[in-house]
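Below you'll find the structure, written out as structure tokens, and then a few comments.
The values are calculated or read from the model by the stated rules, or taken from the named source; none is laboratory data. No experiment lies behind these values; they were computed from the predicted model shown. Counting neighbours? That spans all protein chains shown, and the Cβs are built from the backbone with ideal geometry, glycine included. In case anyone asks, the SASA skips ligands and DNA or RNA and just uses the protein heavy atoms, side chains included. Shrake-Rupley method; radii C 1.70, N 1.55, O 1.52, S 1.80 Å.
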Amino acid sequence: MSRLAQLRETFSPSRMHRALMMGVKSLWMHRLRSLLTVLGIVFGVCSVIAMLAIGEGASYEAREQIRRLGSNNVIIRSVKPPEEQGASQSRSVAVEYGITYKDIDRIAATIPGIDLIVPSRLIRRNVWVGGNSVDCDIRGTLPSYLQVTTNRVGRGRFFTQTELDDKKNVCVIEESMANRLFPIDDPLGKTVRVDQDYFEVIGVMSREDAASGMPEGSLSPGASEGAPTTMYIPLTAARSRFGEILMKRSTGSFSVERVELHEAIVRITDQDSVIEANLVINEILQANHKNVDYETLVPLALLRQAEETKRIFNIVLGSVAAISLLVGGIGIMNIMLATVTERTREIGVRRALGAKRRDIVFQFLIETVLLSGAGGIIGVMMGLAIPLFISHFAQMTTIVRFWSPVLAFGISGLVGVVFGIYPAMRAADMDPVEALRHE
Amino acid sequence: MTQTAAIAEPRTTDAKPIVRVENVTKVYQMGAVLVEALRGVTLHFHPGEYSTIMGPSGCGKSTLLNVLGCLDRPTSGRYFLGEDDVSTLDDDELSSIRGARIGFIFQSYNLIQQLSVLENIEVPLYYQGAPAWKSREIALELAERVGLVERVGHKPFELSGGQQQRVAIARALANDPLILLADEPTGNLDSKSGEEILELFGALHRQGKTLIMVTHSDEVSERAQRVIRLRDGQVEVDERK
Ligand SMILES: Nc1ncnc2c1ncn2[C@@H]1O[C@H](COP(=O)(O)OP(=O)(O)OP(=O)(O)O)[C@@H](O)[C@H]1O
Ligand SMILES: [Mg+2]
């Protein structure tokens, strides 16, 4: 018989099917043992899929947040410098800090390739409609703000340059705020009150992250103190209505702060020069500020960092997966070797009844692959269920990439072949007469 | 293939022996000691013959049967099974020969525990590559023949020793072998079950099967046509009735 004919005979579909059934029967006879044998593979596969899903989800969220900040942007924020101990300046003197209009002008004049600079003031106030109020960040900014954010005006419109120049009391509110303050009416054209001032609602903003139900992360501009919603008004209006002095009352003490701008988003035309632009901006600010009362944020750098983190995470995860599958595989091999010894008699009988060496190899290999494959399937199912639970109960994004269960299953099958071949060969190499005499 | 041709050959031609063992020796090496289990055995078996092999323990009966069954290769000498010189075949070819031409019956039944009665009978057919439906048909027919049709779905441990041995006989018959080899088939059975098994062998003999049986009991050997007595690996007596 030719080699090909032999192989065709061993692997003919009906024989494969019957060999599989025979394997299932042998494994089923020792179901508890089979189950315990594959636990290593089950937990290995399951944890890898679950961890991958969590990792992918986390990195997706991070990248989404960074993407929302804009990969061409450098974000400058005002930071209150730590109060000098002992110096304890008299309470009535205002603490002055943060970036100024002058800084903005300097940056615009010095750095070529700046596409846009959008400064903002952020004031936290309650916004009222009749008896209802909403805790809110009021963002005084420019019309070009729309170009540096991923948020979009859903209904109505954003304010215009003319309205900015005229210091008009107009505002754009967010969807969630609109729903709270105007549960029945259309908010467009209505007015809201902040302190003594009234603002006309001209647009409703649909926030991308709000829409997708994700909690606003600390990376989002101006939201570090976590006002639930934001209202947008012209920068000039913010300056003239609320001034630049901020009074804060907190447990007994009373502090006054003076801040010109809370944030400026600088958009660079060429993405490759973003990092460099950030250095220059820092130099300019350093030269003009006594204290470090600002910080710069480069989403692109964060993105690179996030990608690097993810790469490391994947390497670690890959190693964990490899080790656990190795351990699982060794566990299977160990049991299969014991099984082969235990079934020496059966091997002898089969050989006496006409089984060739390769039939025996095939039989035990099938059993090992069935074991590890079944372990892989159970592991995949558990590994797919865990992320579901996590996203449901922990409100975390988890992403299962379609290749991860496929790969995990494939590898567990491969583990079966790799770790099954040795016990199977041992079985096939037994001398039939010796095997038949085995007790 | 020459194998199938050999199987198809009529078995009643007394002139031509179906099994020819020529001056076969078997030597085992145990450390420095050489154990000569067979020392120049020459035997011919004719189709339809019912022979028993007897002799004291350790005289080489099982060794001879293993050689006859192509499980073991002789150290020297030649062995013809049907037309072919089996002593020169390789491992795979020996497996094929065992599967196609030899039916084994063991003292301890040796059924495969995880398989049902029917599936046990099908095992040799499976290794011969018979299609599933055909194996099923043959196995059912054989189960009927050994009187176990109602038990085909049972597992071996649910059967008595005598029933298990009958399954083993059905299994040995599955490929319609040239010779049936039985090593003390009644050794583990009580006299009643043993009797049933021997009656089955008698029936097989009447149907023209070639039987070679190792036994310790004179009662058993009395039923056979031919008694071969071995002593120290050599044929001492070979008598036909
Ligand atoms: N694998 C082996 N290695 C070494 N010696 C062996 C081996 N198999 C058999 N022998 C020896 O060969 C001799 C014949 O053994 P065999 O099993 O054929 O005896 P037997 O006639 O079947 O005996 P019993 O009636 O007890 O079954 C014995 O001396 C035995 O010790
Ligand atoms: Mg013996």
Note to self: Within segment A:319-360, take every residue that is hydroxyl-bearing (Ser, Thr, Tyr) and within 49 Å of the chain's Cα centre (by Cα) and give me the one that is modelled with the highest pLDDT.
What the structure shows: A:THR339
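Sort through B:ARG73, B:ARG78, B:ARG98 and tell me the only one that's more than 16 Å from ligand 1 (Cβ to nearest atom), within 13 Å of another protein chain (Cβ to nearest Cβ) and basic (Lys, Arg). Walk me through how you get there before you give the answer.
On the way: B:ARG73 fails: more than 16 Å from ligand 1 (Cβ to nearest atom); B:ARG78 fails: within 13 Å of another protein chain (Cβ to nearest Cβ).
Just a single option satisfies the conditions, and that option is B:ARG98.
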Next item on the list: Could you please find all residues in segment A:194-223 being open to solvent by less than 70 Å² (accessible area, probe 1.4 Å) and at pLDDT 80 or above?
Entry: A:VAL194, A:ASP195, A:ASP197, A:PHE199, A:VAL201, A:ILE202, A:GLY203, A:VAL204, A:MET205, A:SER206
Checklist line | Test: B:GLY60 is of a type outside the set (D, E, K, R), in contact with a Gly (Cβ under 6 Å, 6 or more places away or on another chain) and more than 12 Å from ligand 1 (Cβ to nearest atom) | finding: no
Notebook entry, point to check: Yes or no: A:GLU439 under 30 Å from A:GLU342 (Cα atoms), within 14 Å of chain B (Cβ to nearest Cβ) and modelled with pLDDT of 90 or more?
Noted result: no
Note to self: It is to be established whether one or more residues within segment A:419-426 are β-branched (Val, Ile, Thr) and either within 16 Å of ligand 2 (Cβ to nearest atom) or closer than 18 Å to A:GLY328 by Cβ (or both).
What the structure shows: yes
Note to self: Residues that are in contact with a Ser or Thr (Cβ under 9 Å, 6 or more places away or on another chain) and of a type in the set (Asp, Glu): list the strands (runs of 3 or more DSSP E) wholly contained in segment A:94-157 that include at least 2 such residues.
What the structure shows: A:132-141
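Could you count how many residues in segment B:56-87 are more than 16 Å from ligand 2 (Cβ to nearest atom) and either open to solvent by less than 20 Å² (accessible area, probe 1.4 Å) or outside any strand (DSSP E or B) (or both)?
Matching residues across segment B:56-87 total 10.
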Next item on the list: Can you give me the number of residues within segment B:112-140 that are within 7 Å of another protein chain (Cβ to nearest Cβ) and among the hydrophobic types (A, V, I, L, M, F, W, C)?
Entry: 4
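Residues that are among the aromatic types (Phe, Trp, Tyr) and open to solvent by 40 Å² or more (accessible area, probe 1.4 Å), at least 1 per element: which strands (runs of 3 or more DSSP E) completely within segment A:230-341 meet that? So that I can check it myself, show each step before the final result.
Values: elements: A:230-234, A:245-250, A:253-258, A:263-268, A:294-297.
Passing ranges, in order: A:253-258.
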Next item on the list: Keeping to segment A:146-184, report how many residues are in contact with a helix residue (DSSP H, G or I) (Cβ under 9 Å, 6 or more places away or on another chain) and among the hydroxyl-bearing types (Ser, Thr, Tyr).
Entry: 3
Notebook entry, point to check: Can you name the condition, by its number, that B:ALA203 falls short on among (1) part of a loop (DSSP other than H, G, I, E, B); (2) surrounded by fewer than 23 Cβ atoms within 10 Å (Cβ to Cβ)?
Noted result: (1)
Margin query: Looking at B:ASP190, B:ASP183, B:ASP176, can you tell me which residue is open to solvent by 10 Å² or more (accessible area, probe 1.4 Å) and within 16 Å of ligand 1 (Cβ to nearest atom)?
Written below: B:ASP183
Next item on the list: Could you tell me whether B:LEU43 is more than 12 Å from ligand 1 (Cβ to nearest atom), of a type in the set (A, V, I, L, M), away from chain A (no Cβ under 14 Å) and assigned to a strand (DSSP E or B)?
Entry: yes
Next item on the list: State which residue is farthest from the chain's Cα centre (by Cα) when the search covers only segment B:156-168 and only residues that are within 13 Å of chain A (Cβ to nearest Cβ) and buried (at least 17 other Cβ atoms within 10 Å of the Cβ).
Entry: B:PRO156
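Just to be sure, is B:SER51 at pLDDT 95 or above and within 16 Å of ligand 1 (Cβ to nearest atom)? If you could, list the steps in order and put the result at the bottom.
On the way: at pLDDT 95 or above: yes; within 16 Å of ligand 1 (Cβ to nearest atom): yes.
Spelling it out, B:SER51 is indeed at pLDDT 95 or above and within 16 Å of ligand 1 (Cβ to nearest atom).
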Next item on the list: Considering (1) touching a residue at least 24 places away in the same chain (Cβ under 8 Å); (2) open to solvent by 50 Å² or more (accessible area, probe 1.4 Å), say which one B:LEU142 fails and leave the rest.
Entry: (2)
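Tally up the residues in segment B:111-126 that are surrounded by 22 or more Cβ atoms within 10 Å (Cβ to Cβ) and out of contact with any His (no Cβ under 6 Å at 6 or more places or on another chain), please. I'd like the intermediate steps shown before the answer.
So in segment B:111-126, the residues surrounded by 22 or more Cβ atoms within 10 Å (Cβ to Cβ) come out as B:111, B:117, B:119-126.
Filter again for out of contact with any His (no Cβ under 6 Å at 6 or more places or on another chain), leaving B:111, B:119-126.
Final tally of qualifying residues: 9.
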Checklist line | Failed item in (1) more than 16 Å from ligand 2 (Cβ to nearest atom); (2) assigned to a loop (DSSP other than H, G, I, E, B), with B:VAL227 passing the rest | finding: (2)
